[in-house]
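Trainee: Attaching a single structure in structure tokens format; questions to follow.
The values are calculated or read from the model by the stated rules, or taken from the named source; none is laboratory data. As the structure is a computational prediction, the values presented were derived from the model and not from experiment. Every residue, glycine among them, receives a Cβ derived from its backbone with ideal geometry; neighbour counts consider all protein chains shown. Ligands, DNA and RNA are excluded from the accessible area calculation, which covers all protein heavy atoms including side chains. Shrake-Rupley method; radii C 1.70, N 1.55, O 1.52, S 1.80 Å.
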Amino acid sequence: MKLKIAWDAGHGYNTAGKRTPDGEREWTFNDKVGRAFANEMAQYDGVELKRFDDATGKTDVPLKARTDGANAWKADYFISFHQNALSGKWGGHGGVETFVYTNPNAKSVALANAVQAAQVGAWGLRNRGVKRAN
């Protein structure tokens with residue numbers, strides 16, 4: 001049995017407001033992170049990956065369409081990569097946060113905690129915690 005992981009690179013390339021003050025678009029960075037993740041995971045047996053956004057970034061696929069697709073595919077996990085540009089403003093609002101569904105199962109919480117700890121350790125950024133949202 002394969003572990004099925006659905007993923008996306010967040011908002012599309014042209015989504016309004018999704019860029020840093022110096023013009024880097026969120027999607028460009030998210031896509032690089034997502035592709036690196038997919039390349040790393042491809043090295044493992046028993047893992048199946050499927051991307052649920054527009055791999056060209058030209059279309060901003062709504063979150064509901066991405067999660068509906070992942071659920072229809074019967075993904076074990078859904079990972080959406082985001083580096084929030086916060087409407088193109090620099091500030092002290094940075095940090096790392098990981099989200100899980102509002103009523104997650106224990107495996108999802110354990111994975112979210114592990115991912116959060118690994119990111120905080122690797123990036124050295126402020127720990128904004130594991131949060132729950134729909």
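Trainee: Residues in the stretch 54-108 that are in contact with a Gly (Cβ under 6 Å, 6 or more places away or on another chain) and among the hydrophobic types (A, V, I, L, M, F, W, C): how many?
Mentor: Matching residues across the stretch 54-108 total 1.
Trainee: To continue, here is another question. Condition first: in a loop (DSSP other than H, G, I, E, B) and surrounded by 13 or more Cβ atoms within 10 Å (Cβ to Cβ). Can you find one or more residues in the stretch 21-28 that meet it?
Mentor: We begin by selecting, within the stretch 21-28, every residue in a loop (DSSP other than H, G, I, E, B); these are 21-24.
Now narrow it down to the ones that are surrounded by 13 or more Cβ atoms within 10 Å (Cβ to Cβ): 24.
Within the stretch 21-28, one or more residues are in a loop (DSSP other than H, G, I, E, B) and surrounded by 13 or more Cβ atoms within 10 Å (Cβ to Cβ).
Trainee: Okay, next question. Of all the residues that make up the stretch 1-36, how many are of a type in the set (A, V, I, L, M, F, W, C) and within 20 Å of K74 (Cα to Cα)? Full working, then the answer.
Mentor: Filtering the stretch 1-36 down to residues of a type in the set (A, V, I, L, M, F, W, C) leaves 1, 3, 5-7, 9, 16, 27, 29, 33, 36.
Of the ones still in play, those that are also within 20 Å of K74 (Cα to Cα) are 1, 3, 5-7, 9.
Number of matching residues: 6.
Trainee: Taking the stretch 49-76 as the search range and keeping residues that are within 16 Å of A133 (Cβ to Cβ) and not aliphatic (A, V, I, L, M), which one is least open to solvent (accessible area, probe 1.4 Å)?
Mentor: R66
Trainee: Given the structure, is T102 open to solvent by 40 Å² or more (accessible area, probe 1.4 Å), touching a strand residue (DSSP E or B) at 6+ places or on another chain (Cβ under 6 Å) and hydroxyl-bearing (S, T, Y)?
Mentor: Numbers: open to solvent by 40 Å² or more (accessible area, probe 1.4 Å): yes; touching a strand residue (DSSP E or B) at 6+ places or on another chain (Cβ under 6 Å): yes; hydroxyl-bearing (S, T, Y): yes.
Taking the combined requirement at face value, the residue satisfies it.
Trainee: Further question on the same structure: Would you mind stating whether D45 is at pLDDT 95 or above and in contact with a strand residue (DSSP E or B) (Cβ under 8 Å, 6 or more places away or on another chain)? So that I can check it myself, show each step before the final result.
Mentor: On the way: at pLDDT 95 or above: yes; in contact with a strand residue (DSSP E or B) (Cβ under 8 Å, 6 or more places away or on another chain): no.
For D45, the condition - at pLDDT 95 or above and in contact with a strand residue (DSSP E or B) (Cβ under 8 Å, 6 or more places away or on another chain) - is not met.
Trainee: Restricting to the stretch 65-77, what's the tally of residues that are over 14 Å from the mean Cα position of the chain (by Cα) and in a helix (DSSP H, G or I)?
Mentor: Of the residues in the stretch 65-77, the ones over 14 Å from the mean Cα position of the chain (by Cα) are 65, 68-69, 71-76.
With in a helix (DSSP H, G or I) added as a condition, the list becomes 65, 68-69, 71-72.
Result for the stretch 65-77: 5.
Trainee: Which condition does F37 not pass, out of (1) without any contact (Cβ under 8 Å) to a residue 40 or more places away in the chain; (2) open to solvent by 30 Å² or more (accessible area, probe 1.4 Å); (3) assigned to a helix (DSSP H, G or I), if it passes all the others?
Mentor: Every condition holds for F37 apart from (1).
Trainee: Does L49 fit the bill of being closer than 17 Å to W7 by Cβ and either in contact (Cβ under 8 Å) with a residue 12 or more places away in the chain or not charged (D, E, K, R) (or both)?
Mentor: Details: closer than 17 Å to W7 by Cβ: yes; either in contact (Cβ under 8 Å) with a residue 12 or more places away in the chain or not charged (D, E, K, R) (or both): yes.
It is true that L49 is closer than 17 Å to W7 by Cβ and either in contact (Cβ under 8 Å) with a residue 12 or more places away in the chain or not charged (D, E, K, R) (or both).
Trainee: List the pairs whose first member sits in the stretch 1-27 and is over 20 Å from T56 (Cβ atoms) and modelled with pLDDT of 85 or more, whose second member is open to solvent by 50 Å² or more (accessible area, probe 1.4 Å) and part of a loop (DSSP other than H, G, I, E, B), and whose Cβ atoms are under 6 Å apart, counting only residues at least 6 apart or on separate chains?
Mentor: L3/D76; K4/D76
Trainee: Six or more apart or on different chains, Cβ atoms under 8 Å: show the pairs whose first residue is in the stretch 122-134 and at positive phi and open to solvent by less than 60 Å² (accessible area, probe 1.4 Å) and whose second is in a strand (DSSP E or B) and of a type in the set (S, T, N, Q).
Mentor: Pairs that qualify, where the first residue is at positive phi and open to solvent by less than 60 Å² (accessible area, probe 1.4 Å) and the partner is in a strand (DSSP E or B) and of a type in the set (S, T, N, Q), are G129/T98.
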